[in-house]
1. If I filter region 26-39 for residues that are at pLDDT 85 or above and in a strand (DSSP E or B), do I get at least one hit?
2. Look through Gly101, Gly68, Gly62 and report the one residue that is in contact with a helix residue (DSSP H, G or I) (Cβ under 6 Å, 6 or more places away or on another chain) and outside the structural domain of Ser7 (by TED's automatic domain parsing).
3. Being in contact (Cβ under 8 Å) with a residue 12 or more places away in the chain, surrounded by 11 or more Cβ atoms within 10 Å (Cβ to Cβ) and either aliphatic (A, V, I, L, M) or assigned to a loop (DSSP other than H, G, I, E, B) (or both) is the filter here; which residues of region 66-88 pass it?
4. For region 76-110: of the residues being over 27 Å from the mean Cα position of the chain (by Cα) and of a type in the set (Gly, Ala, Ser), which is nearest to Tyr61 (Cα to Cα)?
5. On the given criteria, is Asn10 under 21 Å from the mean Cα position of the chain (by Cα), surrounded by fewer than 12 Cβ atoms within 10 Å (Cβ to Cβ) and over 30 Å from Arg105 (Cα atoms)?
6. List pairs: first residue in region 39-63 and under 27 Å from Cys29 (Cβ atoms), second residue surrounded by fewer than 13 Cβ atoms within 10 Å (Cβ to Cβ) and of a type in the set (Asp, Glu) anywhere in the structure, Cβ distance under 9 angstrom, at least six positions apart or on different chains.
Amino acid sequence: MKNFVCSICNKDTSNVDIDYLVGFDHLSCVLETEKSNQTELCVLCGSATPYKFYEHIDMRYGYVEGCGQLCEKCYNMGTDREQILVPAAMVKQTPNDAELGAKVRSLYWESR
């Protein structure tokens, strides 16, 4: 008979519902292992950062609450960006590309 033991935490899994198992391993153990090996990506440019998912945000450089982890380059750029936010509703409600372009241009000049 096969032992029902999680290979990660070495605990018995014989009484665990099959929906919470990956093979004989606890789903939570597998997810934590995968998560611990992954690094955070910059939310602006998508490049890898030196921080793992499990590292607390107070111990990181470039983490912006409500936004996420930034790489050093994007964080040091600060607010000196050549980007603007265009509301999705504006895009959906303006089917004419020329009109949308005019609205985006006016947003750009308003932000200056």
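The values are calculated or read from the model by the stated rules, or taken from the named source; none is laboratory data. Bear in mind that the values here come from a model prediction, so they are computed numbers and not experimental data. Positions of Cβ are generated from backbone atoms using ideal geometry, with glycine treated the same way; all protein chains shown enter the neighbour counts.
1. yes
2. Values: Gly101 fails: in contact with a helix residue (DSSP H, G or I) (Cβ under 6 Å, 6 or more places away or on another chain); Gly68 fails: in contact with a helix residue (DSSP H, G or I) (Cβ under 6 Å, 6 or more places away or on another chain).
Answer to the selection: Gly62.
3. Within region 66-88, Leu70, Cys71, Ile84, Val86 qualify.
4. Of everything passing the filter in region 76-110, Ser106 is nearest to Tyr61 (Cα to Cα).
5. no
6. Taking only residues 6 or more apart or on different chains, the pairs are Ile57/Glu65.
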